[in-house]
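Single-structure report; data block below.
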Amino acid sequence: MKVKVSMVVNGEKVERVVQPRMLLVDFIRRELRLTGTHVGCDTSSCGACAVLLNGRAVKSCTILAVQAEGKEIVTIEGLSKGGMHPIQKAFVEKQGLQCGYCTPGMIISSYQLLSSNPNPSEEEIRKALSGNLCRCTGYKTIIDSVKYASKLMRTEKRK
Amino acid sequence: MYPKDFEYHSPEGIEEALNILEKNGSEAKIMGGGQSLIPMMKLRIVAPKHIVDINKISSLDFIKDEGKRIVIGTLTRMADVEKYEALRKKVRIIPECAEQIADPLVRNMGTFGGNIAHGDPNNDMPAAVLVTGARIVCRSKSGAREIEARNFFVDTFTTALKENEILESVVIPVSRGYKGTYIKMERIAGDYGIAGVAVWFSSDGERFRDCRIALTGVGPTVIYAEKACNYLNDQRITREAIKRASEVASQESKPSDDLRGSESFKRKVVSLLVRRAFEVSLKEVGSEP
Ligand SMILES: Cc1cc2nc3c(=O)[nH]c(=O)nc-3n(C[C@H](O)[C@H](O)[C@H](O)COP(=O)(O)OP(=O)(O)OC[C@H]3O[C@@H](n4cnc5c(N)ncnc54)[C@H](O)[C@@H]3O)c2cc1C
């Protein structure tokens, strides 16, 4: 039995009729055609599907679309609405990616960290990103990117 | 991957939720954070006909500091347990355990009660609540009952919760003068532990009093290491006593070979972690053995 679900995604209200078993990541990718949110492992391990749910980074492959009823979702597309976000700029500048598959999730987790902690230590960055796997970089340049992003955001004062 | 189709309920009050449980019996499953349930549904290990999502019942999402006890509502996210100041001050083993569970993304969704109700021997929080002497509050249509955490965990994925009951909250006593911690050893960041150990004890500066030790991931349920506790009680605080207790605890564990290690390796990990947990806890209060 299908059910109606409505939520705010990247600032816009959306409403669809879906099966309750539809996962939030499929809702975002297939119903809304926002393909920046990736499916990596599909077994709740890799964090490539991370989105913000009411401001908190979560794995959208492990949430039902119906559970987001009435909530606010921000995807990677939402972060870059006013041009590239400073975190994105920092990942480009510091080469925080190779294949790029994990990057949207990395940026979502970094965003949650930097919103509550504008000047994190390396240890805090490592902890905050421990739910996001990268198979290319070895993480070094990702950490550098987040450090640089925190600097950019503090000087640009952009949220 | 998709779960099998189900009927979705999202009651806004606990009464309504209990009615749905009463009506559907074993065909209904409560969903808290879904961080254990959804992966199992995707793999079709379970396929409940009715999902009772309790996330809209805001009265289940709270932490209350009542002085001599702290009550944690089932829906409290692990990420909030981790940061709650009064817990840090009064029963630090709980937030110390919370921050070692899974990864930040999972902790933003996963609930305190879900980690306990799931009955997974690899879940970390059961050992921590057990050693604090917590009580689990379960509610059905006929009212609430409290179960000692020590009697709550029955077998793998089986707890004392009945089909028609909701785990409502957990009552954690604040015991002055007790110390202890939770530590685990993981293969990779964000994983379940190879093993985990909770210790909680009091002392008169010279001797151990009322020691409690519980073990994660090394048996069909969380294990209360009773013999090790009995051995340590009234012993002088020495390295030898701790070492002996860690060996007894290791004998009390019942690990099996799996991807996280062999039985004998896990027994060594248990004994190492018990030792470390006592040493860390004693160091912090300056009474190093
Ligand atoms: C990648 C990953 C890594 C993880 N690592 C760890 C780890 O290291 N340590 C650890 O402890 N856990 C770990 N977990 C599990 C995670 O902590 C889960 O959140 C937790 O086990 C269950 O909490 P939940 O709220 O998500 O429960 P759910 O998945 O919603 O429910 C789990 C079970 O409990 C029942 N239930 C939930 N709430 C209630 C209630 N109020 N009353 C009655 N029954 C209820 C459900 O019916 C279900 O059977 C991990 C999960 C993932 C995806």
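The values are calculated or read from the model by the stated rules, or taken from the named source; none is laboratory data. None of the values given here were measured: they were computed from a predicted structure. Here the Cβ is made from the backbone with ideal geometry for all residues, glycine too, and neighbour counts use every protein chain on show. Note: accessible area is taken over every heavy atom of the protein model, side chains too, but ligands, DNA and RNA are not part of it. Shrake-Rupley method; radii C 1.70, N 1.55, O 1.52, S 1.80 Å.
Can you figure out the FRET efficiency of B:ARG44 with B:PHE157, using R₀ = 25 Å and their beta-carbon distance, to the nearest 0.05?
Details: r = 16 Å, r/R0 = 0.63.
My answer for the efficiency is 0.95.
Calculated over segment A:3-77, the projected area of the Cα convex hull averaged across directions stands at 4.2 nm². Less than 5 angstrom separates the built amide H of B:ALA195 from those of B:MET185, all sequence-distant by 5 or more or on a different chain.
When the Gaussian network model of chain B links Cα atoms closer than 10 Å, the mean-square fluctuations of B:ARG275, B:ARG77, B:ARG88 top out at B:ARG88. Working note: Karplus 6.51/-1.76/1.60 with θ = phi - 60° gives segment A:39-49 the couplings 9, x, 8, 6, 10, 6, 9, 9, x, 5, 9 Hz, where Gly and Pro are set to x. Residues whose amide H falls under 5 Å from that of B:MET31, counting only those 5 or more places apart or on a different chain, are B:VAL52, B:ASP53, B:ILE54, with hydrogens built in the peptide plane. Computed from the C-beta positions of A:LYS127 and A:LYS2 and an R0 of 30 Å, the FRET efficiency is 0.15 to the nearest 0.05.
Count the DSSP beta bridges whose two residues both fall in chain A, then state the antiparallel fraction as a percent rounded to the nearest 5.
On the way: 14 of 16 bridges.
Percent antiparallel among DSSP bridges in chain A is about 90.
Heavy-atom accessible area for B:THR111, with the other protein chains in place and a 1.4 Å probe, reaches approximately 10 Å².
Only protein heavy atoms count here; on that basis, with a 1.4 Å probe, B:ASP5 has an accessible area of about 60 Å². Taking every DSSP bridge with both residues inside the protein assembly as shown, close to 85 percent are antiparallel. Rounded to the nearest 20 debye, the dipole size of segment B:157-244 about its Cα centre is 460 debye, using +1 on the Cβ of Lys and Arg and -1 on the Cβ of Asp and Glu.
Out of every Cα-Cα pair in the protein assembly as shown, what percent are more than 41 Å apart? Mind showing how you got there, number by number?
Values: 19336 of 100128 pairs.
Roughly 19 percent, rounded to a whole number.
Pairs spanning more than 21 Å between alpha-carbon atoms, out of A:LYS127/B:LYS268; B:LYS23/B:LYS162; A:LYS2/A:LYS71; A:LYS4/A:LYS71: A:LYS127/B:LYS268.
Apply 1/(1 + (r/R0)^6) to the Cβ-Cβ distance of B:ARG92 and A:ASN119, taking R0 = 30 Å, and write down the FRET efficiency to the nearest 0.05. Calculated transfer efficiency: 0.70.
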